[in-house]
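Below is one structure, written out as structure tokens; the observations come after it.
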Amino acid sequence: MSFTVVIPARYASSRLPGKPLAEIAGKPMVQHVYERALESRASRVVVATDDERIRSACERFGANVVLTSPDHASGTDRLEEVARKLGFEADHRVVNVQGDEPLIPPALINQVADNLERYPDAAIATLCERIHDVDHVFNPNVVKVVFDHQGMAHYFSRAPIPWARDRWQDSNPLAGADISLPDGVGYFRHIGIYGYRASVLGQFVNWAPAPTEKVESLEQLRALYNGALIHVDVATEKPPAGVDTEADLERIRAWLDSGRG
């Protein structure tokens, strides 16, 4: 079965305006993402943007571009518009690759798409990686995920889950207590790459934000709240960090200029 990669690319960014067009090794960042996606097994790669500057830049390097509404509240809404405009069938797989991931391994794109095919009950597929540093478990900017033996997600949270009651009950991590991870249980960081069935995108945009989503500020909780199954797999490769800040941008520029990318 074929699948499509959609790369949402917004010009507006509170921390790094114009981020998709930031030059890295002689190319706009979104071009690096596009070229990585072309290395996957996707039958089609599309950039979804609400900005004419990004569309023009993408068309110059030969990308397929869909111009979307500037009023979308989330990237998922933008994906749904693309799926609708391109007339995807209900079971067509759509992989969302963020436009600020210029080093995304193509293998991870394939992994998400393959898992949607392998687990027909899953509406959405995503990835995670093992956490070994206890500081990351207690960092609210690191999203944790708990899933069952088949990989179906129970919950995503910014809080430390699962909570090690016997080990941490007398500890206050915010006070710098000496804490460590318990043995015999894994802690996993969610990686923000998603694969969707096109039919689920149509449902998602009609669901109201879930109470858990609003309090955690995690959009994927809306799917769980409405009974959609999310399959989570451990990433086959460690994904490099994306670009959120100017420092991130300089780090990736140095990496690619060194010839390691």
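The values are calculated or read from the model by the stated rules, or taken from the named source; none is laboratory data. Since the structure is predicted, the reported quantities are computational estimates derived from the model, not experimental observations. Cβ placement follows ideal geometry from the backbone for every residue including glycine, while neighbour counts extend to all protein chains displayed. For accessibility, only protein heavy atoms count, side chains too; no ligands or nucleic acids. Shrake-Rupley method; radii C 1.70, N 1.55, O 1.52, S 1.80 Å.
Listing for the model above:
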{"quantity": "Cross-chain or 6+ apart pairs with Cβ under 7 Å, the range 209-220 first and within 13 Å of residue 153 (Cβ to Cβ), then open to solvent by 30 Å² or more (accessible area, probe 1.4 Å) and outside any loop (DSSP other than H, G, I, E, B)", "calculated": "212/225"}
{"quantity": "Count - residues of the range 52-69 that are loosely packed, with under 12 Cβ neighbours inside 10 Å and not in a helix (DSSP H, G or I)", "calculated": "2"}
{"quantity": "So residue 113, is it open to solvent by less than 20 Å² (accessible area, probe 1.4 Å), outside any helix (DSSP H, G or I), modelled with pLDDT of 95 or more and hydrophobic (A, V, I, L, M, F, W, C)", "calculated": "no"}
{"quantity": "Test: residue in the range 14-34 that is open to solvent by 30 Å² or more (accessible area, probe 1.4 Å), in contact with a strand residue (DSSP E or B) (Cβ under 7 Å, 6 or more places away or on another chain), at pLDDT below 90 and not in a loop (DSSP other than H, G, I, E, B)", "calculated": "yes"}
{"quantity": "Residue match in the range 119-131 (condition: polar (S, T, N, Q) and either in a helix (DSSP H, G or I) or over 18 Å from the mean Cα position of the chain (by Cα) (or both))", "calculated": "no"}
{"quantity": "Single unsatisfied condition, residue 246 versus (1) open to solvent by less than 30 Å² (accessible area, probe 1.4 Å); (2) in contact (Cβ under 8 Å) with a residue 24 or more places away in the chain", "calculated": "(1)"}
{"quantity": "Subset of the range 181-207 that is open to solvent by 30 Å² or more (accessible area, probe 1.4 Å), part of a loop (DSSP other than H, G, I, E, B) and in contact with a Phe, Trp or Tyr (Cβ under 9 Å, 6 or more places away or on another chain) - its residue that is nearest to residue 73 (Cα to Cα)", "calculated": "207"}
{"quantity": "Single condition residue 43 does not satisfy, out of (1) under 29 Å from residue 129 (Cβ atoms); (2) surrounded by fewer than 23 Cβ atoms within 10 Å (Cβ to Cβ); (3) touching a Pro at 6+ places or on another chain (Cβ under 8 Å); (4) not β-branched (Val, Ile, Thr)", "calculated": "(3)"}
{"quantity": "Residues of the range 217-234 satisfying the condition of being farther than 29 Å from residue 22 by Cα, open to solvent by 50 Å² or more (accessible area, probe 1.4 Å) and assigned to a loop (DSSP other than H, G, I, E, B)", "calculated": "226, 227, 229"}
{"quantity": "Failed condition for residue 237, given (1) under 18 Å from the mean Cα position of the chain (by Cα); (2) closer than 28 Å to residue 12 by Cα; (3) part of a loop (DSSP other than H, G, I, E, B)", "calculated": "(2)"}
{"quantity": "Complete set of residues in the range 35-51 that are polar (S, T, N, Q) and in a loop (DSSP other than H, G, I, E, B)", "calculated": "40, 43"}
{"quantity": "Residues within the range 28-72 that are more than 26 Å from residue 253 (Cβ to Cβ), touching a Lys or Arg at 6+ places or on another chain (Cβ under 8 Å) and hydrophobic (A, V, I, L, M, F, W, C), tallied", "calculated": "2"}
